[in-house]
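Reviewing the structure listed below.
Taken together, the values in this text are just the output of simple stated rules run on the coordinates, not laboratory data. This one's a predicted model, so the numbers in the text were calculated from it and none came from an experiment. Cβ coordinates were reconstructed from backbone atoms using ideal geometry, including for glycine residues, and neighbour counts include every protein chain displayed.
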Amino acid sequence: MIRVNSLTVAAAALLLSACAAKGPEMQTVDYVDLDRFMGDWYVIANIPTFLEKGAHNAVETYAMNDDGTIATTFTFRKNSFDGELKQYNPKGFITDTETNALWGMRFIWPIKADYRVVYLDEDYTQTVIGRQKRDFVWIMARTPTIPDEDYERILSFVESLGYDMSKVQKVPQQW
């Protein structure tokens, strides 16, 4: 009997998912001023990855590394405001240096996940990060809450990108 290790299965699954239909090209914003984009972003809502399920007080923080990569710190409390503090440190890679809006985000070497800045307001206070596969999305802001009218407008924008809105969840923020 042939034994298949989990790494081989994972590699095959990754290859198959890369070949899956992705829908029309998801456009990014025209340009991201990286210096202005760096810093803390509160996760207002998302389609959560398995790591983010139950996240409270989720914050994504970006800082430029000397080599041009982006040091990322993602922190949150698990399942409640006083739950266990979780922290992840993926590394961002700018893959489109003309716009700075298309990144690869690496949690595990050598895989770089698609990460697209698809909405960014003029003041750099609200953003939407999407993925071509439309499986995950993050609505983020410089503050833990945003006005309801902004939230509704951004949700409409996310829907216009082709996301399944029944999967979008607000992330509890209480500071």
0 to 90° range, to nearest 10: angle between helix 148-160 axis and the chain longest Cα axis: 30
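So between residue 175 and residue 123, what do we pick up on full extension, going 0.36 nm a residue minus the alpha carbon distance? Intermediate values should be presented prior to the final figure.
On the way: separation 52, 0.36 × 52 = 18.72 nm, distance 2.26 nm.
This chain segment gains 16.5 nm when fully extended.
May I ask for the longest run of the chain untouched by trypsin sites (Lys or Arg not before Pro) that are loop-located per DSSP and have at most 11 neighbouring C-beta atoms (other than their own) within 10 Å?
On the way: sites that count: 3, 53.
With a cap of 11 other Cβ atoms within 10 Å, the longest stretch comes to 54-175.
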Nearest 10 degrees, 0 to 90: helix 6-19 Cα axis against the chain principal axis: 60
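Past 23 Å, Cα to Cα, is the threshold; run 78/112; 78/170; 53/86; 86/133 against it and keep the listed order.
78/112; 86/133
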Inter-label distance, nm, simple model (7 Å from Cα along the C-beta direction), residue 71/residue 109: 1.8
For the chain, size of Cβ-based charge dipole, Lys and Arg +1, Asp and Glu -1, in debye: 1060
